[in-house]
Amino acid sequence: MMAGLGVLLCVLMSLVHIQAVEVCVKVGPCSCTYADKHIDLSPLAQNPGPRFKDMYDQYYNNRFSYNPCIAFTESTCANMAVCQLNLQGQYFPCGSQESSVFVSSDVGVTLQYSYHDGAVTRTSNVELVCATDDTVSLEILGENPSLFYSFKLHSKACCPQDGALSAIVTGISVGTVLVIIFFSALVLYLLVGVSFQKFARKASGKEVIPNYTFWSGFPGLVKEGACFVVTRGKGRSGYDKV
């Protein structure tokens, strides 16, 4: 029992830590937005691409090409974001623009790409490093483990900029971002609460709902509050003269 409770507490602490990380919500293949700031890599895009072409990794084993935002074609890498060229002269697609996912953590934001070829999946992680000068560079860490590729993109464009991206440009508003954050927090609240009630307190039925007594009476509280606001000050004239 105590061991199970300990594991549950560890899970709860992990979930709370995850929720504390500010999430940058994807609004395009190379842009994401927070509630009050954003990241947009479009100034780094090249067309025709790629912006970074046939660059060696740190071990000089493979070469890679990468272009933010806009897909490029290089040999058998058709409409890709990332492409690998090995020592045997073979090209391998390592991620498409459409697959891009922004992964937020307590150390920053990573742009992740993937490409599925039958039973084989290649994944490319591009860590966005905020640069303090005008230098734009791609650090290629290489393939480790197999089929997993790591990069570091250094640029001012990787720095969060003030202001959320506008709905006209991105199709998503600050309000939408807040709604996403709210429902994410709500789902997390329910998952953690139900797990705690069910496994730690051994509750069943409707009692697995966290704070069931409060939520079951919540509509009544809302009704009473609304009635109070509507009728505020009425029926108290007898006290006004005291």
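The values are calculated or read from the model by the stated rules, or taken from the named source; none is laboratory data. Please read these numbers as outputs of a predicted model, since none were measured by experiment. Cβ coordinates were reconstructed from backbone atoms using ideal geometry, including for glycine residues, and neighbour counts include every protein chain displayed.
Some points to look at:
- Residue check for PRO93: surrounded by 12 or more Cβ atoms within 10 Å (Cβ to Cβ), of a type outside the set (A, V, I, L, M, F, W, C) and in a loop (DSSP other than H, G, I, E, B): no
- Test for VAL120: is it among the β-branched types (Val, Ile, Thr) and either surrounded by 12 or more Cβ atoms within 10 Å (Cβ to Cβ) or modelled with pLDDT under 90 (or both): no
- Hits in region 36-57 (condition: in contact with a helix residue (DSSP H, G or I) (Cβ under 9 Å, 6 or more places away or on another chain) and within 15 Å of VAL109 (Cβ to Cβ)): HIS38, ILE39, ASP40, LEU41, LEU44
- Test: residue in region 51-71 that is farther than 21 Å from SER31 by Cα, touching a Ser or Thr at 6+ places or on another chain (Cβ under 7 Å), of a type outside the set (Phe, Trp, Tyr) and buried (at least 17 other Cβ atoms within 10 Å of the Cβ): no
- Every test in (1) assigned by the TED database to the domain that holds TYR59; (2) under 15 Å from the mean Cα position of the chain (by Cα); (3) modelled with pLDDT under 90; (4) among the polar types (S, T, N, Q) is passed by THR132 save one, and that test is (2).
- Within the option set SER237, SER216, being farther than 30 Å from LEU44 by Cα, modelled with pLDDT of 75 or more, polar (S, T, N, Q) and not assigned by the TED database to the domain that holds CYS30 holds for one residue only, SER216.
- Residues in region 201-223 that are over 30 Å from the mean Cα position of the chain (by Cα) and surrounded by 14 or more Cβ atoms within 10 Å (Cβ to Cβ): ALA203, TYR212.
- Matching residues in region 20-64 - criterion: being of a type in the set (D, E, K, R), within 18 Å of SER155 (Cα to Cα) and assigned to a loop (DSSP other than H, G, I, E, B): ARG51
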